[in-house]
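Step one of this worksheet: look at the structure below.
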Amino acid sequence: MPTPINVFICYKKMLAGERPNEKAGILHFILAEDQGRFKPWIDEGIAGGLAWETAIYREILTSDVLLVLVGPGTSESPWVRREIALSTALGIAIVPLGFDLTRDQMDAELKALDIGHLQGKTTNSINLAKREVLLTELRGDLLAASSRTKEQKPERLRGMLAHMNPPIETAANNQRAATFMMKTDTRPIRLHVASGDMFRVRDIDVMVNSENDYMQMARFFESRTISSLLRRKGARVLPGRYEDTIQQELDWQLGDRSRPVQVAEVFVTSAGGPGSELADINRVRYIFHVAAVQAVDAEGIVIPFKQAHQIERCVRTTLVKAKDLNRNRGIVSPPGTEQRELQQRLADEGRGIVRSILFPLFGTGQAGNTADYVIKPMLESLADFFNDPENRELAEVLDDIYISAFKQNDFEQVVGQLQKHFA
């Protein structure tokens, strides 16, 4: 008998209207009884806390298929989104199965789960009386998905290992190593490639930070991640201690919001304000924290977004936030702080508008994407945004967009794509 296919059943326990999701248990039973073809797993009977999280992620690591059971309100579950993100990162094929949904509702749920590119099906057969009908609907999809996983997973894991300690040739530090003119319906905007160390740049209003979805920046003493460096360089040095200015502002911005936050959501803080290295030396005014990484506490890992549509979404939400910030004249920090006082003074002088933004290459690094792949959806998102009449107000004031390329190989790939695009 062939080895059974390991199927991880991903589902939301409570559906819209606080209805228990009884379909997941029925689905598990039907698959388990299908003559040994499948070995389904469901998170029933596991104690909560860290052990529960660890068990879930270990099961995903050994799965052949992630079967996403999509019902009303499933997209509201942060855990469903996390399980999908981890499976995508590992190269595990995903099969969406909808129930109690119209076709339009199913499409909306898939889009909200960031798997709108998958062809999910809906069924009315998740009950014991229709077990054979359901198995007929699912067998082919699960077998095909398992085959895709066998092709994708080894390559994806090799890519992850290769990116853990790769040899890095850094690009020369040059804030405007290459410059192109991006046409919009309003006016041209300069598009620069900032090569080398992004912390050598000067006089850029906004630095964009790819942050985890808990909005918890890396600690001061951790490795030289962008998040850690921003946090340290944005701290204010007071007698005998650091004031953790940026993280404090970030926590204030979220307030009572639950975490994790939504995919690609953006939160704005100052760059630390007077007394911080970012503000005084780099003369940066704001940090835009984009939820572009999903954190997995149980395994101590993070999963960066890597799909083209996720990268486009991160760029778009960043630009929308810049437009909102300009409407607020650049005032964003907590009342009573020196950062807020500076922002108010600049606003009163008519200098509160954001005119330049520095983007990272979303989806490179741990995500494993090449700069060549990433720059394409970034450019598409920029073009779509600025050619929309609704965004004319930002196009009229934004002068410079920078793309940060730390590695020499990334720099060459980005410049090569820009030369083709703007030829």
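Nothing in this text is a laboratory measurement; each read-out follows from the coordinates by a stated rule. Predicted model, so just to flag it, every value in this text is computed and none were measured. We place every Cβ from the backbone using ideal geometry, glycine too, and count neighbours over all the protein chains shown.
Calculate how steeply helix 23-32 sits against the longest principal axis of the alpha-carbon atoms of the chain, using the helix alpha-carbon long axis, and give the answer as 0 to 90 degrees to the nearest 10. Computed tilt is about 60 degrees.
If only the Cβ of Lys and Arg carry +1 and only the Cβ of Asp and Glu carry -1, the dipole of segment 174-421 around its Cα centre is close to 440 debye.
Annotation: amide H of Arg236 within the under-5 Å range of Glu243, Thr245, sequence separation 5 or more or interchain, hydrogens built in the peptide plane. Shown for segment 1-143: lysine pairs separated by 8 or more places, or found on different chains, whose C-alpha atoms are under 21 Å apart, numbering 14.
Picking from Gly272, Tyr402, Gly196, whose Cα lies most toward the positive end of the charge dipole for the chain (charges on Cβ: Lys, Arg +1; Asp, Glu -1)? The Cα lying farthest towards the positive end belongs to Gly196.
Computed from the Cβ-Cβ distance with R0 of 56 Å, the FRET efficiency linking Arg202 to Lys13 stands at 0.65.
Among the trypsin sites (Lys or Arg not before Pro) in segment 345-392, which ones are in a DSSP loop with at most 13 other Cβ atoms within 10 Å of the Cβ? Mind listing them? For trypsin sites (Lys or Arg not before Pro) across segment 345-392 that sit outside H, G, I, E and B with at most 13 neighbouring Cβ atoms in 10 Å, the list reads Arg351. Taking 0.36 nm per residue of sequence separation and removing the Cα-Cα distance, the Gln408/Leu157 pair yields an extension gain of 87.9 nm. Remark: segment 175-298 carries a charge dipole of roughly 560 debye about the Cα centre, counting +1 on each Lys and Arg Cβ and -1 on each Asp and Glu Cβ. Fully extending the segment from Asp280 to Thr62, taken as 0.36 nm per residue of separation minus the present Cα-Cα distance, adds 73.5 nm. The helix-only estimate of mean residue ellipticity at 222 nm for the chain, built from DSSP H runs of length n ≥ 4 each weighted as -39500 (n - 2.57), is -12000 deg cm²/dmol after division by the residue total. Scanning residues 5 or more positions from Val70 or on other chains, those with amide H under 5 Å from its amide H are Leu97, Gly98, Phe99, with H placed 1.01 Å from N in the peptide plane. Remark: segment 126-140, residue by residue, has Karplus-estimated 3J(HN,Hα) of 7, 7, 4, 5, 10, 4, 5, 4, 4, 5, 5, 5, 9, 3, x Hz, where x stands for each Gly or Pro and the curve is 6.51 cos²θ - 1.76 cosθ + 1.60 at θ = phi - 60°. Sites listed here are trypsin sites (Lys or Arg not before Pro) in segment 114-213 whose DSSP assignment is loop and whose Cβ has at most 13 other Cβ atoms within 10 Å: Lys183, Arg202.
Helix 245-254 versus the longest principal axis of the chain: what is the Cα-based angle in degrees, 0 to 90, to the nearest 10? Approximately 50 degrees, to the nearest ten.
For the chain, the longest principal axis of the alpha carbon atoms and the long axis of helix 50-61 meet at an angle near 80°.
Per residue and in cubic angstrom, what volume does the convex hull of the Cα atoms of the chain have?
About 165 Å³ per residue, rounded to a whole number.
Rounded to the nearest 20, the size of the Cβ-charge dipole of the chain about its Cα centre is 580 debye, with Lys and Arg at +1 and Asp and Glu at -1. With contacts taken as Cα pairs under 8 Å and at least 6 residues apart, the chain reaches a relative contact order of 15 percent.
Net charge within 13 Å of Lys39 by Cβ-Cβ distance, Lys/Arg positive one each and Asp/Glu negative one each, not counting Lys39 itself?
Details: positive: Arg37; negative: Glu33, Asp34, Glu59, Asp64.
Here the count lands on -3.
When the chain is treated as a GNM with alpha-carbon contacts under 10 Å, the residue of Gly91, Gly255, Gly116 showing the greatest mean-square fluctuation is Gly255.
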